[in-house]
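A short worksheet on the structure shown next.
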Amino acid sequence: MIRHLLSGADLDAATATRILDTAAEMATVAGREVKKLPALRGRTVVNLFYEDSTRTRISFEAAAKRLSADVINFSAKGSSVAKGESLKDTALTLQAMGADAVVVRHPASGAPHRLANWVDGSVVNAGDGTHEHPTQALLDAYTMRSRLGRLDGLHVAIVGDVLHSRVARSNVLLLSTLGAKVTLVGPPTLIPVDISPALAPGTDVSYDLDTVLPGVDVVMMLRVQRERMNDSYFPSAREYARRYGLDGPRMRRLPEHAIVMHPGPMNRGMEITPEVADSPRSTIVEQVANGVSVRMAVLYLLLGGNNR
C-alpha cells in the first residue's frame with residue numbers, strides 16, 4: 001500500500017481495487033446500531049482545510065471517527081494562517097503535535113505534494129487547486145461499480161467545466177487505470193489541452209453532448225466553477241445550459257441502464273435540472289454516503305491495514 005494519496009496516478013489497478021473492496025467492507029458499518037470500529041484507536045487525523053468545504057470535510061471527519069481515530073479540524077480562517085503563517089510552518093506544528101495523517105485541501109495546485117515532504121505521517125489530498133481530488137475519483141468509481149457491477153469496459157462521459165475540475169483529472173487517471181473509456185465533453189474553452197490519450201489511454205474529447213449520450217454507461221456532470229474564472233468562457237449561462245446541460249429529454253436519450261453522477265455542489269438549472277438530479281438514475285446522494293466508506297478504507301489502509 002502507498003504511504004500517501006496525492007494523485008489518481010499514485011494508484012495502480014491492484015491498489016485501487018483493494019481500496020474499493022475495503023470500502024465495500026466498511027460500508028457494512030453504516031448499517032450497524034453502533035457505527036464504530038477500533039481500527040485507528042490512538043491515531044490522530046488532522047483535517048487541514050484552506051478552502052471552504054462541506055461534503056469532503058465532513059466525510060473525512062466521519063470516516064476517521066468511525067475508525068475511532070482522534071480528529072483535529074483545522075480551518076485557515078481564524079488560525080495563524082490569517083496572520084501570515086506559511087504552509088511549512090503549519091505542517092511543522094502539526095508534526096510536533098504527533099499527527100499520523102493530514103488530510104489537506106488547498107487552493108494551490110501541488111500543495112499536498114510539498115506537505116508530504118515536511119511531515120512524517122501520511123498525507124491525503126482532499127483537493128488542491130484545479131489539480132486533483134483522488135478520493136472523489138475513488139468514491140465515484142465505487143459508486144459506478146456498486147450500481148453497474150463493473151468498471152472495466154464502461155464508457156463514462158465527463159461533462160462541463162473540465163478545465164477547472166480537479167475531480168475530472170483524478171477520474172480520468174483512475175478510470176483509465178481500471179479499464180474504463182472516458183469521453184470529456186464541453187465547450188472547447190473548458191477542455192484542457194493537456195488531456196491526451198498518452199496521459200490517460202482510452203480518453204477522447206467531444207464538443208457535442210447529444211451525440212455522446214446514447215453510447216455511455218455513466219454521465220458525470222461538473223459544476224461550472226465561476227470562482228476560478230477570470231475570463232468569459234461561454235456566452236451566457238442560458239447558452240451553456242442549452243448546449244451542455246442535462247435535462248429530462250437528454251436523460252431519456254441515455255441507455256436504459258445508464259446512471260447520472262455529480263460530485264457536488266450542483267448548480268440546479270444550469271448543468272443539471274432538478275428533474276434529472278432527483279431521478280432514480282441519479283446517484284448524487286449515494287455518492288455522498290459512499291464517500292464515507294471510501295475514505296474509511298483509505299485511512300485504514302494508510303494507517304492501520306498495511307501489514308494485515
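The values are calculated or read from the model by the stated rules, or taken from the named source; none is laboratory data. The model shown is predicted, which means the values in this text are computed figures rather than measured ones. Heads up, the Cβs are rebuilt from the backbone with ideal geometry, glycines too, and the neighbour counts pull from every protein chain shown. Heavy atoms of the whole protein, side chains included, go into the accessibility calculation; ligands, DNA and RNA do not. Shrake-Rupley method; radii C 1.70, N 1.55, O 1.52, S 1.80 Å.
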Q) Among all stretches of the chain without exposed GluC sites (Glu not before Pro) (DSSP loop, at most 14 other Cβ atoms within 10 Å), which one is longest? A) 86-255
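With only Lys, Arg, Asp and Glu charged, each at its Cβ (+1 for the first two, -1 for the last two), find how big the charge dipole of the chain is about the Cα centre; round to the nearest 20 debye. Could the numbers behind the result be given before it?
Values: 35 positive and 32 negative charges, 134 e Å.
About 640 debye.
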Q. Hey, which aspartates and glutamates would be in cross-link range of residue 65, C-alpha to C-alpha under 19 Å, not counting anything within fewer than 8 residues on its own chain?
A. 25, 33, 100
Q: Just add up the charged neighbours of residue 114: K/R +1, D/E -1, any other residue whose Cβ is under 11 Å from the Cβ of residue 114.
A: 0
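Quote the relative contact order of the chain in percent (integer), defining contacts as alpha-carbon pairs under 8 Å separated by 6+ residues. Please report the intermediate quantities before stating the final value.
On the way: 575 pairs, mean separation 63.4, N = 308.
Taking the mean separation of contacting Cα pairs over the length of the chain, I get 21 percent.
Trypsin sites (Lys or Arg not before Pro), restricted to region 1-74: which are DSSP loop and have at most 11 other Cβ atoms within 10 Å?
Numbers: sites: 3, 18, 32, 35, 36, 41, 43, 55, 57, 65, 66; in loops: 3, 32, 35, 36, 41, 43.
Answer by residue number: 32.
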Q) Once the dipole of the chain is set up with Lys and Arg at +1 and Asp and Glu at -1 on Cβ about the Cα centre, which of 37, 7, 143 lies farthest towards its positive end? A) 37
Q) So if R0 is 41 Å, what FRET efficiency would residue 58 and residue 208 give, r being the distance between their Cβ atoms, rounded to the nearest 0.05? A) 0.65
Q: Can you send over the carbon and sulfur percentage of the accessible area for region 134-284, probe radius 1.4 Å, protein chains only?
A: 51
Q. So what's the net charge close to residue 94: Lys and Arg +1, Asp and Glu -1, counting the other residues with Cβ under 12 Å from its Cβ?
A. -3
Q. If you take the charge dipole of region 134-284 about its Cα centre, with +1 on Lys and Arg Cβ and -1 on Asp and Glu Cβ, which of 282, 258, 163 is farthest toward its positive end?
A. 282
